[in-house]
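The values are calculated or read from the model by the stated rules, or taken from the named source; none is laboratory data. Predicted, not measured: the structure shown is a model, and the values here were computed from it. Using ideal geometry, Cβ is built from the backbone for each residue, glycine included, and neighbour counts are taken over all protein chains shown.
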Amino acid sequence: MKKTTLAITLMVAAMMNGCSDWDNGDRDYPDNPRLTDVVTSDCHSFTDIIAAKDMNTDSVVVTYIPYNYSMSVIHYNMPLDCGSGEHIVTSIERRGDTITVTEDVGEQGRTNCVCLYDNSFQIIDLPLRPFTLIVKVVSGTGQTTVYQQTFE
């Protein structure tokens with residue numbers, strides 16, 4: 001009887017130890033965040049009042065969901081050459097506590113027509129510990145950081 005009680009006590013302690021590591025954020029899980037549901041809108045003019053106060057304002061809106069280790073990101077009203085927003089190549093990289101999302105819009109300035117595009121995506125498998133999210137736009141002429149925030 002004592003051996004059975006000891007075995008059960010040890011199993012419960014092992015399970016609780018595993019849970020406490022998960023709950024208190026000591027684990028850095030998972031190793032690499034991933035992008036899902038990347039969608040680029042068609043060319044449009046200003047239509048979404050949440051996106052910006054002024055017409056044609058380029059803005060990034062992030063909704064962080066810590067209990068689900070994910071976030072939703074929408075980059076509204078990106079002014080790009082007409083036709084260039086058909087597929088904005090979006091990638092993610094993690095280095096230490098910094099997660100960088102890159103929106104590659106290709107070479108710009110080739111047309112006399114500018115359209116507004118929205119690029120939205122989900123980031124899943126975020127780390128449990130604090131991290132900084134950077135969103136940058138890369139074109140043929142360089143890169144620009146359009147969003148940066150640390151999440152605790």
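From the list 57, 36, which one is surrounded by 12 or more Cβ atoms within 10 Å (Cβ to Cβ) and either at pLDDT 50 or above or in a loop (DSSP other than H, G, I, E, B) (or both)?
Going through 57, 36 in turn, the sole match is 57.
Within the stretch 88-120, can you find the residues that are assigned to a loop (DSSP other than H, G, I, E, B) and either on the phi < 0 side of the Ramachandran plot or surrounded by 15 or more Cβ atoms within 10 Å (Cβ to Cβ) (or both)?
Hits for the stretch 88-120 are 88, 97, 107, 108, 110, 111, 112, 113.
Taking only pairs six or more apart or across chains, which ones have beta-carbon atoms under 7 Å, a first residue in the stretch 93-120 that is in contact (Cβ under 8 Å) with a residue 40 or more places away in the chain and not assigned by TED's automatic domain parsing to the domain that holds residue 134, and a second residue that is part of a strand (DSSP E or B) and among the β-branched types (Val, Ile, Thr)?
Qualifying pairs under 7 Å: none.
Residues in the stretch 121-142 that are touching a residue at least 24 places away in the same chain (Cβ under 8 Å) and either among the aliphatic types (A, V, I, L, M) or assigned to a strand (DSSP E or B) (or both): how many?
Within the stretch 121-142, residues that are touching a residue at least 24 places away in the same chain (Cβ under 8 Å) and either among the aliphatic types (A, V, I, L, M) or assigned to a strand (DSSP E or B) (or both) number 15.
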